[in-house]
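The structure under discussion appears below in the form of structure tokens.
The values are calculated or read from the model by the stated rules, or taken from the named source; none is laboratory data. Please read these numbers as outputs of a predicted model, since none were measured by experiment. FYI the Cβ positions are ideal-geometry reconstructions off the backbone, even for glycines, and counts take in every protein chain you see.
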Amino acid sequence: MNILRINTKSKKYNIYIGHNLIAKFNKIIKKEKISFKKSLVIVDKNVPKKFLKKIYSSFRCERKLTFFFNSSEKNKNFNYVNSILEILFKNNFSRNDVIICLGGGISGDVAGFAASIYKRGLKFINIPSTLLSQVDSSIGGKTGVNNKFGKNLIGSFYQPDLVISDTLLLQSLPRREIICGYAEILKHSLIKNKKFFLFLDKNLKNILNLKNKFITKAIIESCKIKKQIIEKDEKETNLRKTLNLGHTFGHAYEATLNYSKKLNHGEAVLYGIFSAAQFSNKFNFLNNNDYKLLISHLSNLGIFDLNKFFSKKHLNRIISFMVSDKKNNSKKINLIILKKIGKVNISNQFYPEKVKKFINSNLFK
Ligand code: GLY
């Protein structure tokens with residue numbers, strides 16, 4: 001069992017990383033001195049019931065409630081938050097009681113947001129069940145829901161009291177879901193740690209096949225990088241923006257395809273990293289050696305070019321999504337630029353025409 005301490009200005013908490021930790025849930029909360037009388041477990045319907053049973057049988061409290069959440073971007077909305085709040089009110093939960101979330105990133109965002117606004121905040125334990133949520137969304141306290149104006153536009157920064165990342169939960173996930181989380185692990189290595197990238201490159205197969213020693217190391221190292229960033233910039237005023245590497249392109253790709261199942265979020269991020277690397281190399285930010293290393297790594301993941309999904313007729317749509325990216329506040333396009341593997345530039349802005357010309361000539365071959 002590995003423990004990573006997160007020290008943010010608003011809260012200090014531990015992330016436990018290991019195999020079959022849910023069976024030790026009671027032991028962990030005792031060790032963490034987290035006590036409560038009532039608990040509401042918000043569980044993603046996709047999580048096998050045996051995992052929920054394992055957690056349930058491992059702890060006792062006065063009142064245990066469950067809310068099954070059919071997680072999807074469509075259901076990530078205020079109505080579901082309201083349903084959760086109503087359960088808490090009807091059962092007279094106090095701020096000393098707890099919401100426990102067992103699910104992926106969407107469930108964690110909804111549960112965390114409900115926890116943050118109920119009586120201005122009750123205890124929140126997150127048990128992320130997907131690789132993406134274990135390496136990314138469960139760390140750093142971003143919570144929130146979508147509305148008709150866009151994704152994650154309503155929300156809060158609310159750090160959990162405890163995160164339990166159990167690699168046992170990953171075993172029921174389809175391969176595409178593993179790749180989705182892997183995209184963020186790779187991104188973290190590119191932002192901060194070349195040695196870690198070389199580890200990923202050497203052990204890609206073992207990691208994607210969830211070999212325990214390898215997947216555990218990949219999760220820990222990835223979390224350590226995110227920890228360093230969010231501890232310095234919890235509210236995303238500057239440094240945390242580096243976590244957007246590959247995401248300006250990636251979000252535009254998934255939005256252009258109307259978030260179709262043809263290209264899931266993680267795949268879009270991998271294509272986004274591919275595009276950001278090509279862009280960085282073409283405009284002489286990124287040296288050829290590191291560029292080749294990364295492109296070869298991406299090709300081992302099946303990421304080559306964008307012809308499979310897009311043609312030139314999509315160009316204007318892609319560019320307009322890049323300009324209207326919610327993290328963008330000018331008419332230019334903000335791109336996190338790769339300087340070398342392990343180092344990025346935050347503050348580069350480019351005219352849409354330049355990015356359009358680049359996509360047109362480089363990515364549609
Ligand atoms: N997923 C990016 C962040 O937490 O800031």
Checklist entry - Looking at the range 231-260, which of its residues are touching a Phe, Trp or Tyr at 6+ places or on another chain (Cβ under 9 Å), within 12 Å of the ligand (Cβ to nearest atom) and part of a loop (DSSP other than H, G, I, E, B)? => result E234, K235, E236, G246
Checklist entry - Name the pairs whose Cβ atoms lie under 7 Å apart, with the first residue in the range 295-316 and crowded, with 17+ Cβ neighbours inside 10 Å, the second outside any loop (DSSP other than H, G, I, E, B) and charged (D, E, K, R), and 6 or more positions between them or separate chains? => result H297/D201; L315/K356
Item to check | Candidate set from the range 23-75 (those that are closer than 17 Å to T167 by Cβ and of a type in the set (A, V, I, L, M)); member that is nearest to the chain's Cα centre (by Cα) | outcome: V47
Checklist entry - Taking the stated definitions as given, is G250 out of contact with any Lys or Arg (no Cβ under 8 Å at 6 or more places or on another chain) and modelled with pLDDT of 95 or more? => result yes
Next on the checklist: Of everything in the range 142-186, what is touching a Pro at 6+ places or on another chain (Cβ under 9 Å) and surrounded by fewer than 24 Cβ atoms within 10 Å (Cβ to Cβ)? Give them in sequence order.
Outcome noted: S172
Checklist entry - Given the residues I139, I154, I125, which is the only one that is of a type outside the set (G, A, S), closer than 29 Å to K30 by Cα, in a strand (DSSP E or B) and in contact (Cβ under 8 Å) with a residue 24 or more places away in the chain? => result I125
Item to check | Residue that is farthest from P352 (Cα to Cα), among those in the range 289-317 that are aromatic (F, W, Y) and part of a loop (DSSP other than H, G, I, E, B) | outcome: F304
Checklist entry - In this structure, is N281 within 20 Å of L132 (Cβ to Cβ), polar (S, T, N, Q) and surrounded by fewer than 20 Cβ atoms within 10 Å (Cβ to Cβ)? => result no
Checklist entry - Got a number for residues in the range 113-150 being within 16 Å of the ligand (Cβ to nearest atom), within 14 Å of the chain's Cα centre (by Cα) and either closer than 15 Å to Y13 by Cα or not β-branched (V, I, T) (or both)? => result 14
